[in-house]
């Protein structure tokens, strides 16, 4: 049976992976057993996708990213260059913690900037935006903009990736799409 995805000749795709149609896996990347990649994913150069990781449709993974067991990325997630996920809170070389992997879910449309670190067990909300170099040590709400080490929320982002400015009524409009957003009880939703 012919592959419906592309893998560069230097990429390693282990047996037992499920890779969706139209996905591309580039130079020196390794997709390990039990991984599930949706349709139209783009896996950049030198990426490691550990066993049993799940990526939804249209996930963009830039160069040098490490996605470890326990991570699920929903549809339309962007993982910036050299970002990394952890899967054990207290790793030790001499202590095997393979049965203690913590789960992390990156929800639909979220973006994680270059060199960010996502500490395991903390989900990233829908359309959240994690700034470059941020170190995420807690769960991030939908549409949140977070930066720094440890990551702190400094605002809200639209689904098009623009910072939202809310008026006195708690309403903001995306400058690109014109879509309206409502801020109530420290949560953002589309109007």
Highest to lowest packing among 55-67, 145-157, scored as the average C-beta count within 10 Å: 55-67, 145-157
Ranking request for peptides 131-142, 175-186: highest mean number of other beta-carbon atoms within 10 Å first, then the rest in descending order. 131-142, 175-186
Taking 25 Å as R0, compute the FRET efficiency from the Cβ-Cβ separation of residue 8 and residue 75 and round it to 0.05. 0.55
Relative packing of peptides 74-81, 86-93 - highest average C-beta neighbours within 10 Å first: 74-81, 86-93
How long is the gain from residue 95 to residue 169 if the chain were fully straight, where each residue apart is worth 0.36 nm and the alpha carbon distance is subtracted? 21.3 nm
Which of the three applies to the range 1-82, rounded, prolate or oblate, going by the alpha-carbon gyration tensor with a ≥ b ≥ c and a/c under 1.5 meaning rounded? rounded
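I'd like the projected area of the chain, averaged over all directions, using the convex hull of its alpha carbons. Report it in nm² with one decimal.
11.9 nm²
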Of 17, 35, 83, how do they rank once you tally other Cβ atoms within 10 Å and put the fewest first? 17, 35, 83
Give me the percent of DSSP beta bridges within the range 1-157 that run antiparallel, rounded to the nearest 5. 10 percent
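Report the extension gain between residue 139 and residue 190 in nm, rounded to one decimal, defined as 0.36 nm multiplied by the number of residues separating them, less their alpha carbon distance.
My answer for the length gained is 16.3 nm.
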Please work out the C-alpha center-to-center distance from the range 176-191 to the range 110-132 and express it in whole Å. 20 Å
The range 72-106 scanned against label point 7 Å out from residue 132 along Cα→C-beta; backbone N under 16 Å for 79-84
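All of the numbers you see were taken from the coordinates with simple rules; none came from a lab. As the structure is a computational prediction, the values presented were derived from the model and not from experiment. Quick reminder, even Gly has a Cβ in these numbers, built from the backbone with ideal geometry, and neighbours come from all protein chains shown.
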